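Every number in this text was worked out from the coordinates using simple rules, so none of it is lab data. Source: prediction; values computed, not measured. Every residue, glycine among them, receives a Cβ derived from its backbone with ideal geometry; neighbour counts consider all protein chains shown.
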Amino acid sequence: MTDVLLPIQRQCGSCQVCCQEIEIPILQKPAFTRCQFQGTDRGCTIYGQHPKPCQVYRCGWLNGYGPEELRPDLSHLLIEVSQIESPDRQPLCTLLQVMPTKKLEFDDIVRRIEPLVSAGCAAIIVDEYNQQLAPVCAKGDEQLVVDTLGAFFNGDTPMTFADGEQVYLP
């Protein structure tokens, strides 16, 4: 594990990306829309009384995944982290769901998450702006990603490696 995956104590600071990107059903707030309680310069206007989903949400950056530049308001990428396990509960991989918060070039997204992918994380880019769902992994991890994310694949979906190379898998 490299320093891009070390547990780091971080604070949200002025970042408010999750207030716009995540769904909060109790507030009837859909994903990818600004929260009605999001202040323009001071964060949540109901902070302290905000609902449980808001209180417990932690993006990947806040949990220590990635360098400082991957903070969502700086990188324009909101990353959620899942630990994927086998049916017998053995760890298989760390999966990153990467959601651009503005229109970015695909190669730029891959470049930004490359340290995490090279450190052993697999990623699925969920790009609402370009209507694209794309798996990304380090070379050698293709089969693991296909096995883990098989439902996302068809013959038209390329696997992108951390270095930007793309291949089509059966």
Query - Sorted by Cβ neighbour density within 10 Å, fewest at the top, the residues Ser82, Ser14, Ser75 - result: Ser14, Ser82, Ser75
**Report entry** Amide H contacts under 5 Å for Leu92, placed H, 5+ residues apart
**Finding:** Ile84, Glu85, Ser86
Query raised in the report: Pulled fully out, how much extra length does the chain show between Thr33 and Tyr57, if you take 0.36 nm times their separation in residues and subtract their Cα-Cα distance?
Result: 7.0 nm
Report summary line: Mean separation of Cα contacts under 8 Å (at least 6 apart) over the residue count of region 14-57, i.e. the relative contact order in percent, is 29
Query raised in the report: Straight-line reach from Lys29: which lysines have a Cα under 27 Å away, not including same-chain ones fewer than 8 places off?
Result: Lys52, Lys102, Lys103
Requested in this report: Provide Ile125, Ile26 in ascending order of the number of other Cβ atoms located within 10 Å of each residue's Cβ, fewest first.
Outcome: Ile26, Ile125
Report summary line: Checked against the positive end of the charge dipole of region 27-89 (+1 on Cβ of Lys and Arg, -1 on Cβ of Asp and Glu, about the Cα centre), the farthest of Gly64, Phe37, Cys54 is Phe37
Query raised in the report: What is the fewest-to-most order of Ile109, Ile124, Ile46 by other Cβ atoms lying within 10 Å of their Cβ?
Result: Ile46, Ile124, Ile109
Query raised in the report: With θ set to phi - 60° and the Karplus curve 6.51 cos²θ - 1.76 cosθ + 1.60, what are the ³J(HN,Hα) couplings of region 52-67 in order, to the nearest whole Hz, using x for Gly and Pro?
Result: 3, x, 6, 5, 9, 5, 9, 6, x, 4, 4, 7, x, 8, x, x
Requested in this report: Could I have the simple spin-label model distance between Arg10 and Gln83, label points 7 Å from Cα toward Cβ, reported in nm to one decimal?
Outcome: 1.9
Requested in this report: In nm, give the distance between the simple-model label positions of Glu105 and Val126, each being 7 Å from the Cα along the Cα-to-Cβ direction.
Outcome: 2.6
Query raised in the report: So, counting K/R as plus one and D/E as minus one, what does the shell of residues with Cβ under 13 Å around Leu78 add up to?
Result: -2
Report summary line: Sorted by chain and then number, the residues having a modelled amide H within less than 5 Å of the amide H of Lys29, at least 5 places away or on another chain, are Ile24
